[in-house]
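Remarks on the structure that follows.
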Amino acid sequence: MNTKEHKEMKLRGSYDVSYLDNSVDQMIIDFMKEEEIPGLTLAIVQAPYIPRVVGYGLSDVKEKRLASVNTMFPVGPISQAFCAVAIMQLYEEGKIDLDKSIQYYLSEIPDMWKDIRIIDLLHHASGLPHYEDKILFHDVIDALKEEPLHFLPGEDVEMNPINFLFLSEIIERISQQSYHEFITEKQIQFLNLRHTGFYENLSQFKHEDVSKSDYIHQMFKTNGEYIDPTEYSRSYDESGIEIIPQVTKGYNDIWASAQDISFWDIGLAGGVLIHDIENRNKIYKPWNLPNGQEVPAVAGWQFYKHRGLMDIKGGVPGYSAFLSRFTDSHELVCVTLLANKENVDFTNLGRKIAGAFGDLLSTNYDDNQLYLIEGQLSVQETILKLEKELQRRNIPLFAKFDHAKNAQDVGMNLRETSVLVFGAPKVGTNLMLIDQSIALQLPLKIAVWQDEQGSTWLAFEKTRKMAEHYGLENHPIIIKMQKLLEEIVHVGASVYERR
């Protein structure tokens, strides 16, 4: 199923922005229908240009506001990348030492945490315990000061918002400004990001109260300030109550438009925000644990083999965000996706959108039939993570095939290629009771392999595609199977997911 879409390689500057016969718009439309997303904004960078910024649907369902170029969304964990930039700006000014204990800057830190360094916080390698209910620095200290570390600092990785809460506190003490003031001055105002701020700033962005006019904009007809307005998105729960995200300073506290995130991202590509390339590499390149194991992740960014790909993603209650960058100098393509629905993973969609802007950015496999994710770890590490995740979910593993070993046994060479076969008999039986011939498609399978560039891939056949032949593509079990498989491969693919 390895596919070459074009007879001639589609490169930067092509007017054809489709992928496998699907336009970018159609990919977005299909994804929004499948995920039931009310509103979404997409921005594309081909540095130094931002050639496409498009809104889809409603940024506020109740007030009928459209998702637009200027719509501000909470960008979730992308915020920690702003915090990391701030730390490196202080580093370049000689005001902070990345290898110093955090206790040097935060005297309240208990002695049992004194071996944690600034760089460990950036690496999410502090070992600090989690405490989701506390979002203020002193509250966290009081709640966790007797708690042991999960692991010795610098010896493992675990995504933890507290790491960036502590970094934001350190920034305040060194700069003698509030964290938000420092980010605003050094990044938002410096780059003239007109649609970026924090929750407390949202009221400063002028927008019309459309509830006074039957939810139809009127003021733009008489006041030019209301033409193409800057509005912020809203998300609602099943009862229709607005979701106000609780955020952690330094980790997930920024609101921005997709276009502003793209503009800021271009600033990261060179020396605009962080001047020295060696300093940029400290937060945009893999690093190694003491045992020599490579960690392809820093400050929320995750790094891959293909064309210098890196991404940062996640969400807050009610919202999801995604930013990917292909740092290869011939491409410099970035994809930003922001939406007002939580728990949406844009990784697969973002890769397909990138493929529409150049063949070298695509997966090189049939994304119409397969759900594909590039992994960060080796094939063997990925397989181990998948097996642990299946065990955690109490899903039986029926078989594991190592095709590379089987090839070696018959005197042939094959790059690492393995398949896991698993499933829940009760679930599969319910489908076979409808059509026994679907037994040919069961149990479920996930393939993991290494390609010629050294990238690790995880793939499974899209369940709705598989079920079309049996007329079951809309069956609730098939839809749940798709979601289950997506969740499992994302755990296997990411260094941050359940180590």
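The values are calculated or read from the model by the stated rules, or taken from the named source; none is laboratory data. Just so it is clear, the model here is predicted, and its values are computed rather than measured. Using ideal geometry, Cβ is built from the backbone for each residue, glycine included, and neighbour counts are taken over all protein chains shown. For accessibility, only protein heavy atoms count, side chains too; no ligands or nucleic acids. Shrake-Rupley method; radii C 1.70, N 1.55, O 1.52, S 1.80 Å.
Worth a mention:
- Theoretical gain in end-to-end length, Ala143 to Ile29 [0.36 nm per residue, Cα-Cα removed]: 36.5 nm
- Sequence-separation-based contact order of region 243-318, relative, with Cα cut under 8 Å and 6+ spacing, percent: 30 percent
- The aspartates and glutamates whose alpha-carbon is closer than 12 Å to the alpha-carbon of Lys10, local same-chain residues fewer than 8 away aside, are Glu331, Asp359.
- Sites Val61 and Leu152, calculated FRET efficiency, Cβ-Cβ separation with R0 56 Å, nearest 0.05: 0.70
- Of the GluC sites (Glu not before Pro) in region 143-173, those whose Cβ has at most 14 other Cβ within 10 Å and which sit in DSSP loop: Glu146, Glu155
- Rough spin-label spacing in nm, given labels placed 7 Å along Cα→Cβ, for Leu11 and Glu225: 4.9 nm
- Percent accessible area from carbon and sulfur atoms, the chain, protein chains only, probe 1.4 Å: 50 percent
- Residues whose amide H falls under 5 Å from that of Arg65, counting only those 5 or more places apart or on a different chain, are Ser59, Asp60, with hydrogens built in the peptide plane.
- Inter-label distance, nm, simple model (7 Å from Cα along the C-beta direction), Lys206/Asp366: 5.5 nm
- Length added when fully stretched, Gln103-Arg464, from 0.36 nm per residue minus Cα-Cα: 124.6 nm
- Pairs of Lys residues in region 291-414 that lie 8 or more places apart, or on two chains, and have C-alpha atoms under 30 angstrom apart add up to 21.
- Based on the reciprocal of the average 1/r between different C-alpha atoms, the Kirkwood radius for the chain equals 24.2 Å.
- Here the gap between Phe401 and Ser437, fully extended at 0.36 nm per residue and compared with their Cα-Cα distance, gives a gain of 10.6 nm.
- Of all aspartates and glutamates in the structure, the ones whose alpha carbon falls short of 17 Å from that of Lys62, not counting any fewer than 8 places away in one chain, are Glu36, Glu208, Asp209, Asp214, Glu231, Asp237, Glu238, Glu242.
- Relative contact order computed over the chain (Cα-Cα under 8 Å; 6+ residues apart), in percent: 18 percent
- Estimated 222 nm signal from helices in the chain, with DSSP H stretches of n ≥ 4 weighted -39500 (n - 2.57), rounded to 500: -8500 deg cm²/dmol
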